[in-house]
Amino acid sequence: MDTKRIIVATHLLALLLFTVGITEVGYAVAATTHPDGVPRVAADAQRRRAPRRKAKRRMSKQVQTRYVPEGTWGGPHVRLQVREGGAEIEFDCAHGEIGAALTTDAEGRFDLPGTFAREGGPVHVGRERSGRPARYSGRIEGQTLTLTVRLTDTDQALDTFTLTHNSEGRLWKCR
């Protein structure tokens with residue numbers, strides 16, 4: 001009789017485990033069901049097959065950079081010659097140089113390092129241009145560029161100029 005009881009107990013245990021296994025699978029299916037009743041596996045497959053919309057990329061204003069158009073910019077007492085990778089500036093009694101590409105932010109503002117050198121007396125041909133450290137800042141709006149020159153070693157603002165693209169400007173050179 002012990003053998004008979006063992007066999008019955010084994011069958012009951014197997015039946016119990018089978019029943020519990022089915023209900024656990026049912027709970028697992030219920031737990032992984034999408035709110036619309038479709039099992040999550042099917043919902044995920046549908047979502048993967050659905051055409052994806054490309055998101056519009058929005059860049060922050062600081063990241064968007066633009067270049068000041070190359071060529072001559074001129075105004076009263078100033079001429080700016082923009083080239084790839086920098087610019088040369090000529091004033092009535094001074095000259096300067098910007099050694100970096102003239103880039104602006106999304107609002108057209110710029111602030112770049114450069115040099116500024118006063119002129120006076122005879123200018124020696126072939127002499128290297130040198131000068132004091134300066135900051136050239138301003139804003140470009142269409143064909144108009146506003147330029148402010150500031151000496152960085154003394155934190156002295158020299159002047160603000162208004163320049164127009166494709167204009168030679170008007171200079172009165174010192175002698």
Give me the extension gain from Thr160 to Arg118: residue separation times 0.36 nm, minus the current Cα-Cα distance, reported in nm with one decimal.
13.5 nm
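Order of 6-12, 90-96 by packing, highest average Cβ count within 10 Å first? Working shown, then result.
Details: 6-12: 10.0, 90-96: 17.9.
Per-residue Cβ counts within 10 Å, averaged per peptide and sorted highest first, yield 90-96, 6-12.
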What are the radius of gyration and Dmax of region 67-174, computed over its Cα atoms and given in Å?
13.1, 42
Compute the distance in nm between two label points, each set 7 Å from the Cα along the Cα-to-Cβ direction, one at Tyr67 and one at Arg139.
2.4
Roughly how much of Arg150 is accessible, in Å² to the nearest 10, using a 1.4 Å probe?
90
Tell me the label-point distance for the pair His11, Asp92, using the 7 Å Cα-to-Cβ offset, in nm and rounded to one decimal.
11.6
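The values are calculated or read from the model by the stated rules, or taken from the named source; none is laboratory data. Everything numeric in this text was worked out from a predicted model, so none of it was measured. All Cβ positions, glycine included, derive from the backbone under ideal geometry; neighbour counts span all protein chains shown. Just the protein is used for accessible areas: all its heavy atoms, side chains included, with ligands, DNA and RNA removed. Shrake-Rupley method; radii C 1.70, N 1.55, O 1.52, S 1.80 Å.
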